[in-house]
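Here the structure is laid out as C-alpha cells; the discussion comes afterwards.
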Amino acid sequence: MSNLKELLKNRYLDTVRSVKPATRYKIVVVDSTSVKLLSAACKMYDILEENVTLVENIEKKRQPFTNLEALYILTPSVESVFLLIQDLTNGGPGGKPGSMYAAAHVFFTHALDDMLVNKITSSKAAPLIQNLKELFVDMNVFESKVFTVSMPNAFYSIFGPSHAGMENDLTLVADRLVSFCSTIGENPIIRYHRPGAEPNSFNHTMVPSRLANILQQKMDEFCHVSKGAFPPKREGNPPRAVMYVLDRSVDLVAPLVHEFTYQAMANDLLPIEDGVKFLHEFASGSGETASKEVLLDESDTIWADIRHAHIAECSGKLIADFKKLVGENKAAASMNKTDASLGDMKRILADLPQFQELKAKYSVHISLAQECMNLFERQKLPMIGEVEQDMACRETPEGEYPKKLVERLLPLLDDSTISESNKLRLIMQYVLYKNGLRWEDRYRLQQHANLSAKDVECIENLELLHTRVNKSGNKGIKNIRMPKMGRKKVEDVPYELSRYTPEIKKILEAQANGTVNDAEFPYTREVRPSELNEQAKKTVQSLRSTKPSWQKSAQERSEAKPVTGGRLIVFVAGGITYSEMRSVYEVGQKYGRDVLIGSTHIITPKQFMHDLCRLRDGPPKEIPPPPPPPPKHNMPISPGVPHSAPGLAGHMENMHIHDGQHHAGGSKHKHGSSGGGGKHVFGLFGKKK
C-alpha cells in the first residue's frame, strides 16, 4: 500500500543525498514557496542528517560561504531564477561580484519555462551550476492516502459566475497532478465525470472533462520527454492505475451533512487549524489552566488508530485504553520497594518518559472526544442529524420514503438555541433533497430560520454548483424516489445518524466491482481490452463485510489486506471533505486496493459555506505579511558540531518544519465523567437493536 508521505519524503531526501561535495557538507537554499512544500514532507532533523549544515531562504540576506556547495530547491518562478543568478554572480563576500557558494546544484519543484532555462544557461552563473533538474514535487501530502495541490481559491474560478482565471487554474492543477503521478510512478487511465445521464439532472458541469483532457495531454508530453523511463517498472507488474477526475458538484450533501466519526466531527465542531493544529487546554501542576498546541496527524498513533472511528465507540475505547495504560504502568510503584534491583529501576525509569507521553496524548483525545459529545448534545445534533439523514439518504431508517419533512424541519428552524449555521445547513439540504423549491416555499423556511441576506445568497449560490434551487409554478420537477433495490440492510448500518454514504465512495466501489457506467464516466483515451480486463479483477466480498470501518475493531481497521489490482485514484476540483477522505481508507481496506484521494484543498462545512456565500464576490484578498525583521548573519555548523547548536532554532522557525514533539505532555487534566466507558452514548446515535 502506498504511503504518500513516505514517497514524497524519500523524493526530497534522495535529492539531498544525490549532492555529494568533496568537502562532504553542503547548504540547502529554498524560497518562500518551496519551503512550504519541503517542510510538509520532511522534518528539519531529516534534512540535517544528510550532511546539511544550514537551511536558508534565498529571499533573505545571507552570509557567503565560498568554501561550501549549495543545493537549491526552488519554484520555477522569475523571482527565484533572478535571485539564483544574483547569488552566483553578485553574492561574493562584502557584496562584491562573485559567487556566494563554491558551486550550485539547482532543483526546481516543477517544469521550468524555456525562457527561464535560457536565462540561466546564458548567464554568468551557468559555469557554477553543476546540476539543473526538475523534481516534479509541487504537491502537498496531508495524510498517507490524501494529497492536495494547495489551490483553495480555484473554487472561485471554477464555480464563480464569470469563471475568471479558470483555464489558468485548471492548467496549474494539471501541472501539479503530473507531479503527483510522477511521485507515485503512475501514468493512470483517466476517467472523468460527465453528468446529465440521470433523469431530471440539472448538473451540466464541464470542469471534469476539461481538467481530465488537459491532464491527459500533459501526461502524454511527460511520458514522451522521459523517452521510455516513465512510468518506471514496478515489482509484480501491476495494472495501470485508474484516476477519476470530478468536481465538487458530484456531491453537495457531503460538505453539509453532520458527520459523527472522530476526525470529521472534531473538524466540524472544534477550532482545529488546517485540520491538524489544536490548542489543548489542561490543568497544570499548580492547578492553573494551561494550554499547548498539539498536532493531530499520523505521527500520533492514537489519532491514526481512532480518527475514523464513530464518536460513540471512540469515547469508550479511549477511556478503556487509558485505564489499561495506567494499570500496566503501576509497576512504577515498585521503585519504592527495598528489594527492587538497579536493573529494575533502570528499566522502569526508561519506560516512564514514554508513559508520560502516551498519558498526555490520551488526555488530549479524551478531552477532544468529550467536547465533541458535549457539543453534540448542546447543539441538538441528535434531532438535526435524524432529519439530515432522512434527506441525504432519501429514506428513513426503516427503508421507507420520508414523510412530513417540513413539519419536522419547522420546529428546528424556529428553535432559538440552534445556531444560524445549522439552520442554513438544514435548508440547503432540503433544497437538494427536493431538487429545488418554489420561491414562496423557500422564503417561508428562510423566515422561520430568520436567515440573513448573506445566508440567503449562500442558498441561491448552490445554483452555481450545478444544482437546482428554484422551481417555477406548481408543476415543478418531482422529487425522485430512490428505488427499493440495493438499500442497506439493518445490520450494515449500526447508527441511524450515520447512514449517508458519500458519492465518491460509491464511485470507488463501483470501480472495484467493475460496475461503473461508462457513459457517466468516460475515458480520455481509448483503453486496450487487456487493461480493462486487468482492472475488472476484484476480490469477492461477503455481504456482511460492507460495514463501515468505524464499525470494525481497531485491529480490523489496521490489518493490511493483500493488494489486488491497480491503484484507484480520485481527484476532486473544488475541495474534499473528511468523510470522503475516510472513504478511501474504507474502500482500500474492504477490497484490498491501494486507494488515494486528492483535491484542490480540504474543506469543512464552515469553510464550504463561507466560500459559497461569497462565490459571486470572488476570493478574499490576501493581506500582505508584515515586513521581516532585520536579517542576522547566520553562522554555519562546522563538522562535528551537534545539529542542536544555538542559532539553528531560528532556521527551524523560518522553515516551519514540525519537529513532531509538540504534543501536550504531563498534563493533569481532569476528565470527570468523560463518557463513563462510552456506553451511554450509543443510544444518542440511534444504534440498531
- Message: Here is a check on your reading of the model: is A266 within 25 Å of Y585 (Cα to Cα), buried (at least 22 other Cβ atoms within 10 Å of the Cβ) and either hydroxyl-bearing (S, T, Y) or touching a Lys or Arg at 6+ places or on another chain (Cβ under 8 Å) (or both)?
- Response: no
- Message: Let me spell it out: the conditions are (1) of a type outside the set (S, T, N, Q); (2) crowded, with 20+ Cβ neighbours inside 10 Å; (3) over 17 Å from the mean Cα position of the chain (by Cα), and G165 meets all of them except one. Which number is the exception?
- Response: (2)
- Output the qualifying pairs, or none if there are none: Cβ atoms under 9 angstrom, residues six or more apart or on different chains, first residue in the stretch 173-197 and at positive phi, second residue of a type in the set (A, V, I, L, M). G185/L7
- Does V30 qualify as being buried (at least 21 other Cβ atoms within 10 Å of the Cβ) and over 25 Å from G275 (Cα atoms)? yes
- Would you check if there is a residue in the stretch 200-208 being assigned to a helix (DSSP H, G or I) and without any contact (Cβ under 8 Å) to a residue 12 or more places away in the chain? no
- Query: Which numbered condition trips up R567, out of (1) touching a His at 6+ places or on another chain (Cβ under 8 Å); (2) more than 18 Å from H193 (Cβ to Cβ)?
  - Reply: (1)
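Matching residues to (1) out of contact with any Leu (no Cβ under 9 Å at 6 or more places or on another chain); (2) assigned by TED's automatic domain parsing to the domain that holds Q429; (3) without any contact (Cβ under 8 Å) to a residue 24 or more places away in the chain; (4) over 24 Å from L615 (Cβ atoms):
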position	(1), (2), (3), (4)
V245	no, no, no, no
E273	no, no, yes, no
K277	no, no, yes, yes
H280	no, no, no, yes
A283	yes, no, no, yes
- Query: Which members of the stretch 54-86 meet the condition of being in contact with a strand residue (DSSP E or B) (Cβ under 7 Å, 6 or more places away or on another chain) and of a type in the set (D, E, K, R)?
  - Reply: E56, R62, E69
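Considering every residue within the stretch 232-245, establish whether at least one is hydrophobic (A, V, I, L, M, F, W, C), assigned to a helix (DSSP H, G or I), in contact with a helix residue (DSSP H, G or I) (Cβ under 9 Å, 6 or more places away or on another chain) and surrounded by 24 or more Cβ atoms within 10 Å (Cβ to Cβ).
no
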- Out of all the residues in the stretch 494-513, is one or more modelled with pLDDT of 60 or more, under 22 Å from K317 (Cβ atoms) and among the small types (G, A, S)? yes
- Expected single match for over 19 Å from the mean Cα position of the chain (by Cα), among the charged types (D, E, K, R) and surrounded by 23 or more Cβ atoms within 10 Å (Cβ to Cβ) among E293, E259, E288, E313 is E313
- Item | Odd one out for L462 among (1) touching a Lys or Arg at 6+ places or on another chain (Cβ under 9 Å); (2) farther than 23 Å from P161 by Cα; (3) aliphatic (A, V, I, L, M); (4) part of a helix (DSSP H, G or I) | (2)
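Would you pick out the residues in the stretch 6-36 that are hydrophobic (A, V, I, L, M, F, W, C) and more than 22 Å from the chain's Cα centre (by Cα)? Talk me through it step by step, then tell me what you get.
Filtering the stretch 6-36 for residues hydrophobic (A, V, I, L, M, F, W, C) gives 7-8, 13, 16, 19, 22, 27-30, 35.
Residues satisfying the conditions are L13, V16, V19, A22, I27, V28, V29, V30.
For a quick check of your reading: which strands (runs of 3 or more DSSP E) sit entirely within the stretch 58-159 and have at least 2 residues that are surrounded by 20 or more Cβ atoms within 10 Å (Cβ to Cβ)? Steps first, answer last, please.
Working: elements: 65-74, 101-108, 129-134, 140-143, 146-148.
So the answer is 65-74, 101-108, 140-143, 146-148.
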- Considering the stretch 420-459, residues that are assigned to a helix (DSSP H, G or I) and small (G, A, S), and then whichever is nearest to L246 (Cα to Cα), we arrive at S421
- Which condition does G476 not pass, out of (1) at pLDDT 90 or above; (2) surrounded by 15 or more Cβ atoms within 10 Å (Cβ to Cβ), if it passes all the others? (1)
- Task: Of the numbered conditions (1) touching a helix residue (DSSP H, G or I) at 6+ places or on another chain (Cβ under 6 Å); (2) under 20 Å from L295 (Cβ atoms); (3) at pLDDT 90 or above, I366 fails exactly one; give the number of that condition.
- Result: (3)
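The values are calculated or read from the model by the stated rules, or taken from the named source; none is laboratory data. Nothing here was measured: the structure is a model prediction, and the numbers come from that model. Here Cβ is always computed from backbone atoms with ideal geometry, including for glycine, and neighbour counts include all displayed protein chains.
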